Amino acid sequence: MYHKFSHYYDKIFQSTANQIDFIKKRTPEKGKVLDLAAGTGNQAISLYKIGYDVSAIEYDHNMYLLMKDKMKTFQLNVQMIEGDMRHIDTYFPPLSFNTIYCVGNSIVHLSSLKEIESVIEKAYSLIKPDGVFLIQNINYDRILEDRVTSLPAIINVDAPKEKIEFERNYEIVSHEKIIFRTGLKIYNGEFLTHEFDGAVPLYPLLSKELNHILEKIGFKQINLYGSYQEEPYHSKSYALVVEAIK
């Protein structure tokens, strides 16, 4: 699905100051960081520019190429891997990173709870003692409990006449599967010039499931937040942001 949107990705999904501050607060100065499911590298670039040693993995080929072009254009020495998060333990030696983060609702693209646990276990092996694993998802406790079928569209007015609108809809199939249906509309003034749609299955990961996995694997402290501003998490929070300390 995402290859259709890759050209417009940076106009829809951008790194934010709150997001970068959240990661920075939990990572030692000049620490080693891994961006798991990096997209076109927006977070990786922001962290590299403030002094971190950054590696980035991206599965989608078009996204990876866009990230590679950006790193070359800005002459940034970020280690990039076009690869699958399910195999991260084959890309790096144990205890490589102070911080690994997987944000942007990425880990739920894995097909099952078993796959999610396997990836987190492999990430754990790559994190240094006292290092952290950071995860950010949509809050699926709320999605399933309230039977939420759509989220507010993301709208970006990129130029005086161009407007980009990204629609997000959910089809709840079961407690283990949601179909994420998207629509991308490009307007020139009031006229619709381009339209794309797509669908991808997601595993609607609940907070208690994620907390259980992190405890089982051995993280010594787990903190749940409702946003990057560290608001306390509750079942009606829009997002789930997790800090797991090794």
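Which of the aspartates and glutamates could a cross-linker bridge to K161, judged by Cα under 19 Å and excluding same-chain residues fewer than eight apart?
D10, E190, E195
What is the order of D146, D60, D35, D84, fewest Cβ neighbours within 10 Å to most? It would help to have the intermediate numbers written out before the result.
Working: D146 10, D60 20, D35 29, D84 15.
Ascending number of Cβ neighbours within 10 Å: D146, D84, D60, D35.
Determine the gain in length on full extension of the stretch S125-H212; use 0.36 nm per residue of separation and subtract their C-alpha separation, reporting nm with one decimal.
Gain in length upon complete extension: 29.6 nm.
Which three extents, in angstrom, do the Cα atoms of segment 142-202 have along their principal axes, listed largest first?
Principal axes ranked by extent give 43, 19, 14 Å for the Cα atoms.
Using the 10 angstrom Cβ neighbour count as an exposure proxy, how do L36, L192, L110, L144 rank, fewest first? Could you put the intermediate results ahead of the total?
Working: L36 24, L192 11, L110 20, L144 16.
Listing L36, L192, L110, L144 from fewest to most nearby Cβ atoms yields L192, L144, L110, L36.
What number, in nm² with one decimal, is the all-direction average of the projected area of the convex hull of the alpha-carbon atoms of segment 33-158?
That works out to 9.5 nm².
Pop out the ³J(HN,Hα) list for segment 81-96 in order, Karplus 6.51 cos²θ - 1.76 cosθ + 1.60 with θ = phi - 60°, rounded to Hz; leave Gly and Pro as x.
Values, residue by residue: 10, 8, x, 10, 4, 5, 10, 4, 5, 8, 9, 9, x, x, 6, 7 Hz.
Give a quick list of GluC sites (Glu not before Pro) in segment 1-100 that DSSP marks as loop, anything other than H, G, I, E or B, with at most 12 other Cβ atoms within 10 Å. Intermediate values should be presented prior to the final figure.
Numbers: sites: E29, E58, E82; in loops: E29.
In loop regions of segment 1-100 (DSSP not H, G, I, E or B), the sparsely surrounded GluC sites (Glu not before Pro) are E29.
At a 10 Å Cβ-Cβ cut-off, how would you order I107, I155, I100, fewest neighbours first?
I155, I107, I100
Length gain on complete extension for the stretch D21 to R147, per 0.36 nm per residue less the alpha carbon to alpha carbon distance?
Gain on extension, D21 to R147, equals 42.1 nm.
Where a Cα-Cα gap under 17 Å defines reach, which aspartates and glutamates qualify for K32, not counting those fewer than 8 residues away within the same chain?
Those aspartates and glutamates meeting the cut-off are D21, D53, D89, D130, E243.
Past 20 Å, Cα to Cα: identify those pairs from K25/K70; K208/K236; K24/K70, in the order given.
Pairs exceeding 20 Å: K25/K70; K24/K70.
Can you return the aspartates and glutamates within cross-link range of K68? Criterion is Cα-Cα under 13 Å, with same-chain partners fewer than 8 residues away left out.
Candidates past the 8-residue exclusion: E58, D60, E82.
The numbers here are math on the coordinates, done by the rules we state, and not lab data. Keep in mind that what you see is a predicted model, and the values were worked out from it rather than measured. Counting neighbours? That spans all protein chains shown, and the Cβs are built from the backbone with ideal geometry, glycine included.
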